[in-house]
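**Student:** Please find one structure pasted underneath; my questions will follow.
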Amino acid sequence: MQVKVNKSSAVKAELIITNTKEEVNIAYENAYKLAKKGVKIAGFRKGKAPLNLVEQHLGESVYKNVAEELLHSNLNECLSTLKPNPVSMPEMTVVLCDRDKGAKFEGFYDLPPKIEIGKYKKIEVNEKKANVTSEDITTCLKAKQKLRSYMQPRDGGAKWDDTITFDLLISHNGKQLYKKNKITTSLSQKEDEHEHHHEHSHKDGQHDHFHFLPNMAEKILGMKEGEEISVQLELKKDFTDKKYAGKNLDLKIKLTACHYNSMPTIDDEFAKDLGNFENLSQLKEEIRNRILKYIGDVVKLDTKEEIIVKVIADSKINFPKSMLDMKYKSRLESIFKELGIVRPEKVSDNNHFEELSKITNTKPEELHTLLLEASEKSLRKEITCLEVANQEDIKLSDDEIKEYLKRYQIKISEDKKEIDKFIENLRVAYDGPYAGLYQSIVQDKTLEFIYENAKRNIKGEVTVKQLIEEGKIDSKFYTWIV
């Protein structure tokens, strides 16, 4: 076997493989031996005919198998010798496969990306300072207060926002229109004159969604547990539910339970119950520090992104299309997995892509463009970071990898030999559940290096409220920060 490589572009190479006629004849002989087991020739039991008769019987019918097996064998032998290593399997064509002339295979494979890295040190950016307001701390305390609230029976009459349970009978001119017992809902002031009443239970069966009829909630207001009233309601002709529209309804309401939300006082005892805090002042200080750190981390991520975008813009990056295709496929499959969509065999699976289009309320062509742009951005970032890591010799120690695994709760064996083996495999994993994890950790470390070596000017402030409005922090932030 002879191998010749011609570079056809910066990221693509031509591969030419030739075999001697002797090698081709050996491949034919192996093909006949393999086929012999299933061949039946008159005068011989199945699979027992001499090889020369098998050869005469099969002739060139094994040509396709010979060519494929010879190519497969050639690639297995030569791929590891190609430098630099291919980033895609060669796409080969059989040019010749002849017992007298030998064999020739031609094709192309993709080379690793090429990058002329731009400036990545002393990048100048503006960075906002994290600001925690007294309103943030109060909002956080109230959120915790609400989480620690509990339901108490109401001694007096029902009040707004109480949780009530009641039996309801609606009739018109003596004819029953609706009857339901044990309706549990909130006594809300919000009601719509044009919305019919209905209810259905939550999955836990503890609470109903109930829309009161116009002025019905006011009739219940002030009722005591066990009290029963009869009231009349006159509904407008344009009321949504035609069953009730324009009618004078007779309602019988019996309040069977009434509870209010009792919340603890925000004081030193409240702070002690929340954790290892001696008093309220200490809790407030902890809240301030945690919010400061969290905002700081969000701002830092934004700054890192701004810096790497500038580095990428100042660099010349050339990568093969196959790398972008793989990145696109990986991103799409991750989205499928997160949304619970069955993983397709091919990214081009139109049924699954159409389903994703409906879920995101985006036209298929627009969704494809968005995903492709995001994939290319991610790929350029990855290539740039790995080049900086190579130039600065940024590597990971075993302890750094262990800390990363611990931080992201990736469970591995506690046995030292097993841990060492896992880390060794992690450094070269190109497939499986942890494919590319090592490179991802190196990328994070490289971004930190670029950030620390940037020229950051502190300008302006940023608050939790701003970050929530920008969608960078979850609206439930205050409930889980402490």
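**Student:** Using Cβ counts within 10 Å as a stand-in for footprinting exposure, how do ILE412, ILE473 rank, fewest first? Each step should come with its number before you reach the end.
**Tutor:** Details: ILE412 15, ILE473 18.
Ranking ILE412, ILE473 by Cβ neighbours within 10 Å, fewest first, gives ILE412, ILE473.
**Student:** Still on this structure, please answer the following. Nearest 0.05, what FRET efficiency do ILE412 and GLU124 give at R0 = 25 Å with Cβ-Cβ as r? Each step should come with its number before you reach the end.
**Tutor:** Working: r = 41 Å, r/R0 = 1.65.
Efficiency for this residue pair is about 0.05.
**Student:** At q = 0.09, 0.13, 0.21, 0.24 Å⁻¹, what is the log10 ratio I(q)/I(0) for the range 2-112, with the Debye formula run over Cα points and no solvent?
**Tutor:** -0.31, -0.56, -1.02, -1.22
**Student:** Report the gain in length on full extension from GLN145 to ASP100: 0.36 nm times residue separation, minus Cα-Cα distance, nm rounded to one decimal. Before the final figure, lay out each step's value.
**Tutor:** Working: separation 45, 0.36 × 45 = 16.20 nm, distance 8.80 nm.
Contour length minus Cα-Cα distance gives 7.4 nm.
**Student:** To continue, here is another question. Once phi is turned into ³J(HN,Hα) by the Karplus curve 6.51 cos²θ - 1.76 cosθ + 1.60 with θ = phi - 60°, what whole-Hz value does each residue of the range 466-482 show in order, with x for glycine and proline?
**Tutor:** Listing the rounded values in order: 5, 5, 5, 4, 7, x, 8, 10, 5, 5, 8, 3, 5, 7, 10, 5, 10 Hz.
**Student:** Another question, if that's okay. Across the Cα atoms of the chain, what radius of gyration and what greatest pairwise Cα-Cα distance (Dmax) are found, in Å?
**Tutor:** 36.0, 106
**Student:** Still on this model: Compute the length gained on full extension between GLU14 and LYS64: take 0.36 nm times their separation in residues and subtract their Cα-Cα distance, giving the result in nm to one decimal. Working shown, then result.
**Tutor:** Values: separation 50, 0.36 × 50 = 18.00 nm, distance 2.30 nm.
Result: 15.7 nm gained on full extension.
**Student:** Give me the net charge for the shell around ILE266: Cβ to Cβ below 9 angstrom, other residues only, Lys and Arg +1, Asp and Glu -1.
**Tutor:** Values: positive: LYS142, LYS144; negative: ASP267.
For residues surrounding ILE266, the net value is +1.
**Student:** Using 1/(1 + (r/R0)^6) with R0 = 45 angstrom and r between the beta carbons of GLU452 and GLU77, what's the FRET efficiency to the nearest 0.05? Walk me through the numbers on the way to the answer.
**Tutor:** Working: r = 46 Å, r/R0 = 1.03.
Computed FRET efficiency for GLU452 and GLU77: 0.45.
**Student:** How many angstrom separate the Cα center of the range 133-165 from the Cα center of the range 213-278?
**Tutor:** Here the answer is 15 Å between Cα centres.
**Student:** Give, in nm to one decimal, the length gained when the segment between ASP167 and GLU116 is fully stretched (0.36 nm per residue of separation minus the Cα-Cα distance). Write down the numbers at each step before the final one.
**Tutor:** On the way: separation 51, 0.36 × 51 = 18.36 nm, distance 7.58 nm.
Gain in length upon complete extension: 10.8 nm.
**Student:** Can you give the charge dipole size of the range 217-317 about its Cα centre, rounded to the nearest 20 debye, using +1 on the beta carbon of Lys and Arg and -1 on the beta carbon of Asp and Glu?
**Tutor:** Values: 18 positive and 20 negative charges, 134 e Å.
The dipole magnitude comes to about 640 debye.
**Student:** So what is the calculated 222 nm ellipticity per residue for the chain, using -39500 (n - 2.57) for each DSSP H run with n of 4 or more, over all residues, to the nearest 500 deg cm²/dmol?
**Tutor:** On the way: 15 runs with 206 residues, N = 482.
Mean residue ellipticity, 222 nm, calculated: -13500 deg cm²/dmol.
**Student:** Sticking with this structure for a sec: Using the Cα centre of the range 2-112 as the reference point, and only Cβ charges (+1 on K/R, -1 on D/E), how large is the resulting charge dipole? Debye, rounded to the nearest 20.
**Tutor:** Its charge dipole is roughly 500 debye.
**Student:** Looking only at GluC sites (Glu not before Pro) in DSSP loops with at most 16 other Cβ atoms within 10 Å, what is the longest site-free stretch of the chain? Write out the running numbers ahead of the final one.
**Tutor:** Values: sites that count: GLU191, GLU193, GLU195, GLU227, GLU278, GLU345, GLU414, GLU470.
Longest gap between qualifying sites, sites excluded: 1-190.
**Student:** Are there chymotrypsin sites (Phe, Trp or Tyr not before Pro) in the range 24-103 that DSSP marks as loop and that have at most 14 other Cβ atoms within 10 Å, and which are they? Write out the running numbers ahead of the final one.
**Tutor:** Numbers: sites: TYR28, TYR32, PHE44, TYR63; in loops: PHE44.
The qualifying sites are PHE44.
**Student:** Also: With a Förster radius of 56 Å, plug the Cβ-Cβ distance of SER188 and ASP398 into 1/(1 + (r/R0)^6) and report the FRET value to the nearest 0.05. Could you put the intermediate results ahead of the total?
**Tutor:** Details: r = 58 Å, r/R0 = 1.04.
According to the calculation, E is roughly 0.45.
**Student:** Using a cut-off of 21 Å between alpha-carbon atoms, which lysines can reach LYS46, once sequence neighbours fewer than 8 places away in the same chain are excluded?
**Tutor:** Qualifying lysines at Cα under 21 Å: LYS33, LYS36, LYS37.
**Student:** Under unit Cβ charges (Lys, Arg +1; Asp, Glu -1), what dipole magnitude, rounded to 20 debye, does the chain have relative to its Cα centre? Write down the numbers at each step before the final one.
**Tutor:** Details: 80 positive and 82 negative charges, 215 e Å.
It comes to approximately 1040 debye.
**Student:** Suppose a student asked you for the relative contact order of the range 274-480, using Cα pairs under 8 Å spaced at least 6 residues apart; what percent would you report?
**Tutor:** Numbers: 96 pairs, mean separation 50.7, N = 207.
Worked out over the range 274-480, it gives 24 percent.
**Student:** Pairs LYS4/LYS377; LYS327/LYS411; LYS329/LYS377; LYS146/LYS284; LYS224/LYS247: which are spaced more than 23 Å apart, C-alpha to C-alpha? Present the calculation step by step, with values, prior to reporting the outcome.
**Tutor:** Working: LYS4/LYS377 34 Å; LYS327/LYS411 26 Å; LYS329/LYS377 14 Å; LYS146/LYS284 17 Å; LYS224/LYS247 28 Å.
Pairs exceeding 23 Å: LYS4/LYS377; LYS327/LYS411; LYS224/LYS247.
**Student:** While we're on this one: Please work out the Cα center distance from the range 18-41 to the range 82-114, rounded to the nearest Å.
**Tutor:** Comparing the Cα centres of the range 18-41 and the range 82-114, I get a distance of 22 Å.
Read-outs throughout are calculated quantities, based only on the coordinates presented, and are distinct from any laboratory measurement. Bear in mind that the values here come from a model prediction, so they are computed numbers and not experimental data. Counting neighbours? That spans all protein chains shown, and the Cβs are built from the backbone with ideal geometry, glycine included.
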